[in-house]
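**Student:** Dropping a structure here in structure tokens format, bear with me for questions.
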Amino acid sequence: MRVLAVCSIAVSLVALPAGAQLTQGAVAPSESFSLQDDGTSLGSNPAGLGFVEGLEADFLHNGFYSRSRDDQTNALYLTGGTGGLALGLGFDWIRRRPCGEFLCPPGVDTAPSSYRRTTVGGALHLGSLSLGAVHRGFSGLDLSSWDFGALMRPWRWISLGGAVLDADRPGPLPRRWVVSTALRPWRENVDIAADLRWAECTNVQLNTPIGSPVPSCGFDRKDWIFTARARVARGLTLLGQIALLDRSRTQGMVGLQVDLGHVGASYAPVIGPGDPGDVWRIRASTERWPSLRSPLRQAVELDLKKALSHPRPGPVALIFGATARDPLAETLAALRRIARDPATRAVVLRTGGMPLGLARAEELRAAIEDLKASGKKVLFYLESAGDLEYSVALSADRVYAAPQAVLLVNGFAATALFAAAGLDKLGVKAEFFRVGAYKNAPDLFTRSGMSGEQREVESSLLDDLYGRYVRRISDARHLDERKVKSLLDEGILKPGEAVQAGLIDGLVYPDQLEEEAGKVLGANVTLKKIGTDQPAERDLRWGRRGRIAVVRVEGNIARGEGGRDPFGAVRVAGSDAIVRRIRHAADDSSVAAIVVRIDSPGGDGTASDLIWRELVRARKEKKKPVIASMGDVAASGGYYVAASADAIFADPATITGSIGVFVGHFDASELFGKLGLNLVTIKRGESADLFHPQRSLTDHERKTLQAWVDDFYELFVTRVAEARGLTSADVHRVAQGRVWTGSQAVERKLVDRLGGLEEALAEAKRRAGFAADEEVEVDDEEAVSVDLTSFAGATALEAVPFGFGPRALRALSLLGDADTLRAALPFDLEVR
């Protein structure tokens, strides 16, 4: 048996079982069935093929150093996969001696034999399980075989593999079995695997078709192969393997794998008795692997205006709709990637305007602060700027402007619109029923000027926003606060004056930014323009990542599917679509927590209540942590939704609160008379035409509507009190339609903590039991429907002077349908 084992050319150079045979092709360095999950799986473990994404080509070589041995195997594998389905085609060119020149039994020809193995196979990846099968044919031999494999990775730390090779017992060859287990004791840094392999004795004959003796068989002649891989650096992996073959031989290898994105190579010399040999592999793939980082220093440039804008839909999206991610979330993710890249030393952020509100601008500013904390130098370039852009730029190391930039750095203003006088001229009487002196949304239609309560609220908001803005300029630019206020009072600053005043560091043209980045770093650098798209990269993690679902409530809340108004000016958050997404996340066992992102002034009270109920169900019945993250505005019905959460996060400038409700009626009978219109209604039921505009309300109907509003307000206050651990009296004192900034809301216990979406996600991770540094999958895509009329409508609205067109539409949307109870922001607040 010893002679037969040594003679067998079926034993590969690497650690393969003594039961291997001439159906065996080329193998990769340090190959293990539970670790193999790339294109080389086609040659050994068909189940690993299921993990291939994109197109991949692999060339492998197994050979000896000694001139006396011309045994060698070369292979080319072409594989491709997407959506869990992978297919492959492979060719192995095999040249082997039947046995050593002096060890062959008498009568056996010692001349080498050459033949080709052709492999066709496929695999299906189903969650954590992959199943694969391949068929192998051999040119020059009357032989073919089938291999079947399974690979399961249920958790992050374990991989289980198994296969039956030559399952149909071709010719005189036995069926072979493999069972393999791999562990990751230190996450993705180290892999340790053990493979157990043996061959059946059934159907075993004396010699193979090329004259070599068939290897020993049976479970008592099993092989143990132990494999280790250590990722010592990104894109650099040490390989090692020791094999105990047939209880008689020990064989091993030590090698290295280098990955450079779309190409890679690995090499390992074989260590053990007999002639020395080696194994190597070259890979090319469309899938990007974690790569060695460039040692060269570089600077990158990101255009924030472009990055923060929703991309124009393509022809397919116009017809079928599409899914999209929030541009701000994409931008913040890009900044985090830059912070982790050691090759990037400086970042240039460039903008001529940012489509953000004050609160979301705070999130961007915080991300830039984190970028600086990672050791990067940050330069901010203003082609033109208002206070919002300048406020964000203050977080950079250097602030530059174009020589002819328009710098509207002049403070904040809040503007409200009133239309009662216009309605009077038309002959329309507006009558509203509300709770709370500060619930002023109906004032648009019932007043000709600002009420004392509204003036109080807007003044409080401006004092908070303006005070923090002045302090930020003072701290960042080392200026006295009185000096800062005097500069803001100038109205428009010329770029040169802004430099002299110390508000910006210099005036440059875009082509000079690379030079300025080099000055900051003290070395020449290349400035590379980048976008926010994340490069697709091979995921080394086993098992499914923990998932956090982000549910977005953005726009005016209404019943139905949502979308946009025909003019594209008002976004509508449809309760049907939002409820459906929440329920799906709550019922999905892979979702560990839910973050509800709210950027809404409220709207239909019933729709808000439906969303609230679904979030409460997810939290209480499905035991999913629910965290609320407020954007620019989360008021009235938007805050009602937030009250369902375990914790509420807001940015300092978030407009929130507005706990109140109203309903209205319009009497247009005078207008109809002027127009010569006569509406005749036949009804059954005294108030069947309650909300019809051709008549005024009766006293009984007024009492009914007020009672309806009172009941909803009491429910609103009760639910906030229960959620926030307050009494109803406590909530009533800060309610009554009163609006607060996020920082003011924290003081009044309406909000738990200041922070943006990133902080809310971190809290969701913590409550779901994840470690702070553990990466989780954030499901934050939303369906976007595109209406061609919205583009034409938006263009028409932009032609209306002073922005009155979009503002009028927003006001009407806050009013909503006549027969809906409205939980909406008390006024169409614009802070500029």
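The values are calculated or read from the model by the stated rules, or taken from the named source; none is laboratory data. Predicted model, so just to flag it, every value in this text is computed and none were measured. For neighbour counting, all protein chains shown are included, and Cβ atoms are generated from backbone atoms with ideal geometry for every residue, glycine included. Just the protein is used for accessible areas: all its heavy atoms, side chains included, with ligands, DNA and RNA removed. Shrake-Rupley method; radii C 1.70, N 1.55, O 1.52, S 1.80 Å.
**Student:** Right, Arg482: over 30 Å from Glu701 (Cα atoms) and among the charged types (D, E, K, R) or not?
**Tutor:** Here the answer is yes, as Arg482 does meet what is asked.
**Student:** Also: Whether any residue in the range 551-568 is surrounded by fewer than 18 Cβ atoms within 10 Å (Cβ to Cβ), modelled with pLDDT of 90 or more, among the hydrophobic types (A, V, I, L, M, F, W, C) and on the phi < 0 side of the Ramachandran plot is what I want to check.
**Tutor:** Within the range 551-568 (the criterion being surrounded by fewer than 18 Cβ atoms within 10 Å (Cβ to Cβ), modelled with pLDDT of 90 or more, among the hydrophobic types (A, V, I, L, M, F, W, C) and on the phi < 0 side of the Ramachandran plot), the answer is no, since none of the residues qualifies.
**Student:** Being under 21 Å from Leu462 (Cα atoms) and either open to solvent by less than 20 Å² (accessible area, probe 1.4 Å) or in contact with a helix residue (DSSP H, G or I) (Cβ under 8 Å, 6 or more places away or on another chain) (or both) is the filter here, so list the residues in the range 414-444 that pass it.
**Tutor:** Ala414, Ala416, Leu417, Phe418, Ala437, Tyr438, Lys439, Asn440, Ala441, Asp443, Leu444 - these are the residues of the range 414-444 that are under 21 Å from Leu462 (Cα atoms) and either open to solvent by less than 20 Å² (accessible area, probe 1.4 Å) or in contact with a helix residue (DSSP H, G or I) (Cβ under 8 Å, 6 or more places away or on another chain) (or both).
**Student:** Failed condition for Ser144, given (1) at pLDDT 90 or above; (2) open to solvent by 40 Å² or more (accessible area, probe 1.4 Å); (3) farther than 30 Å from Glu774 by Cβ, with all others met?
**Tutor:** (1)
**Student:** Right, something else. Against the conditions (1) within 30 Å of Asp599 (Cβ to Cβ); (2) modelled with pLDDT of 90 or more, where does Gly546 fall short? Just the number, please.
**Tutor:** Going through the list (1) within 30 Å of Asp599 (Cβ to Cβ); (2) modelled with pLDDT of 90 or more, Gly546 breaks only (2).
**Student:** Taking the condition of a type outside the set (Phe, Trp, Tyr), under 26 Å from Leu465 (Cβ atoms), surrounded by 14 or more Cβ atoms within 10 Å (Cβ to Cβ) and at pLDDT below 90, does Gly756 pass?
**Tutor:** no
**Student:** Output the residues belonging to the range 386-435 that are assigned to a helix (DSSP H, G or I) and under 30 Å from Ile659 (Cα atoms).
**Tutor:** Asp387, Leu388, Ser391, Ala420, Ala421, Gly422, Leu423, Asp424
**Student:** Can I ask one more? Please give the helices (runs of 4 or more DSSP H) falling wholly within the range 592-691 in which 3 or more residues are more than 30 Å from Ser459 (Cα to Cα).
**Tutor:** Output list reads 605-616, 669-674.
**Student:** Filter the range 352-374 down to residues that are farther than 22 Å from Thr654 by Cβ and open to solvent by less than 40 Å² (accessible area, probe 1.4 Å), then give me how many there are.
**Tutor:** 2
**Student:** Being of a type outside the set (Asp, Glu), surrounded by fewer than 24 Cβ atoms within 10 Å (Cβ to Cβ) and under 22 Å from Ser728 (Cβ atoms) is the filter here, so list the residues in the range 645-656 that pass it.
**Tutor:** Ala647
**Student:** Still on this structure, I have one more. Taking into account only those residues within the range 445-463 that are hydroxyl-bearing (Ser, Thr, Tyr) and farther than 26 Å from Phe672 by Cα, which is least open to solvent (accessible area, probe 1.4 Å)?
**Tutor:** Ser451
**Student:** Quick check on Phe666: is it in contact (Cβ under 8 Å) with a residue 40 or more places away in the chain, open to solvent by 10 Å² or more (accessible area, probe 1.4 Å) and among the aromatic types (Phe, Trp, Tyr)?
**Tutor:** Here the answer is yes, as Phe666 does meet what is asked.
**Student:** What number of residues in the range 700-746 are part of a loop (DSSP other than H, G, I, E, B) and either among the β-branched types (Val, Ile, Thr) or open to solvent by less than 60 Å² (accessible area, probe 1.4 Å) (or both)?
**Tutor:** Residues flagged as part of a loop (DSSP other than H, G, I, E, B) and either among the β-branched types (Val, Ile, Thr) or open to solvent by less than 60 Å² (accessible area, probe 1.4 Å) (or both) within the range 700-746 amount to 6.
**Student:** Of the numbered conditions (1) under 23 Å from the mean Cα position of the chain (by Cα); (2) open to solvent by 20 Å² or more (accessible area, probe 1.4 Å); (3) not hydroxyl-bearing (Ser, Thr, Tyr), Arg695 satisfies every one except a single condition; which is it?
**Tutor:** Unmet for Arg695, out of (1) under 23 Å from the mean Cα position of the chain (by Cα); (2) open to solvent by 20 Å² or more (accessible area, probe 1.4 Å); (3) not hydroxyl-bearing (Ser, Thr, Tyr): (1).
**Student:** May I pose another question? Is one or more of the residues making up the range 286-308 aliphatic (A, V, I, L, M) and free of Cβ contacts under 8 Å to residues at least 40 places away in the same chain?
**Tutor:** Within the range 286-308, not a single residue is aliphatic (A, V, I, L, M) and free of Cβ contacts under 8 Å to residues at least 40 places away in the same chain.
**Student:** Please go through the range 436-460 and pick out each residue that is under 16 Å from Ala420 (Cβ atoms), in contact with a strand residue (DSSP E or B) (Cβ under 8 Å, 6 or more places away or on another chain) and assigned to a helix (DSSP H, G or I).
**Tutor:** Residues satisfying the conditions are Phe445, Thr446.
**Student:** I'm told Ala402 meets every condition in (1) free of Cβ contacts under 8 Å to residues at least 24 places away in the same chain; (2) within 17 Å of Ile492 (Cα to Cα) except one. Can you identify the failing condition by its number?
**Tutor:** In the conditions (1) free of Cβ contacts under 8 Å to residues at least 24 places away in the same chain; (2) within 17 Å of Ile492 (Cα to Cα), Ala402 misses (1) alone.
**Student:** Tally up the residues in the range 94-136 that are over 44 Å from the mean Cα position of the chain (by Cα) and modelled with pLDDT of 85 or more, please.
**Tutor:** Summing the residues that are over 44 Å from the mean Cα position of the chain (by Cα) and modelled with pLDDT of 85 or more in the range 94-136 gives 3.
**Student:** Further question on the same structure: Considering only residues that are under 13 Å from Ala230 (Cα atoms) and not β-branched (Val, Ile, Thr), look in the range 250-270 and name the one that is most open to solvent (accessible area, probe 1.4 Å).
**Tutor:** Leu256
**Student:** Here is a further query. Could you grab me the full set of residues in the range 577-633 that are open to solvent by less than 10 Å² (accessible area, probe 1.4 Å) and on the phi > 0 side of the Ramachandran plot?
**Tutor:** Matches in the range 577-633: Gly602, Gly603.
**Student:** Please enumerate the residues belonging to the range 724-771 that are farther than 19 Å from Leu462 by Cα and β-branched (Val, Ile, Thr).
**Tutor:** Thr727, Val731, Val751
**Student:** Let me ask something else. Suppose we filter the range 176-190 for residues that are open to solvent by less than 50 Å² (accessible area, probe 1.4 Å) and within 20 Å of Pro46 (Cα to Cα); how many remain?
**Tutor:** Result for the range 176-190: 4.
**Student:** Would you check which residues across the range 149-192 are in a loop (DSSP other than H, G, I, E, B) and not basic (Lys, Arg) and list them?
**Tutor:** Once the filter is applied, which keeps residues that are in a loop (DSSP other than H, G, I, E, B) and not basic (Lys, Arg), the range 149-192 yields Trp157, Asp166, Ala167, Asp168, Pro170, Gly171, Pro172, Leu173, Pro174, Pro185, Trp186.
**Student:** If you don't mind, there's one more thing I want to ask. List pairs: first in the range 749-778 and over 28 Å from Leu358 (Cα atoms), second open to solvent by 60 Å² or more (accessible area, probe 1.4 Å), Cβ under 6 Å, 6+ apart or cross-chain?
**Tutor:** Listed pairs, sorted by first residue: none to list.
**Student:** Hey, another quick one. Do any residues in the range 421-446 that are under 24 Å from Trp740 (Cβ atoms) and in contact (Cβ under 8 Å) with a residue 40 or more places away in the chain have Cβ atoms under 6 Å from those of residues that are aromatic (Phe, Trp, Tyr) and in a strand (DSSP E or B), where the two are at least six apart or on different chains, and which pairs are they?
**Tutor:** Phe432/Phe662; Arg434/Phe662; Lys439/Phe662; Pro442/Phe432; Pro442/Phe662
**Student:** Quick check: is even one residue across the range 339-349 buried (at least 18 other Cβ atoms within 10 Å of the Cβ), modelled with pLDDT of 85 or more, β-branched (Val, Ile, Thr) and closer than 25 Å to Asp599 by Cα?
**Tutor:** Within the range 339-349, not a single residue is buried (at least 18 other Cβ atoms within 10 Å of the Cβ), modelled with pLDDT of 85 or more, β-branched (Val, Ile, Thr) and closer than 25 Å to Asp599 by Cα.
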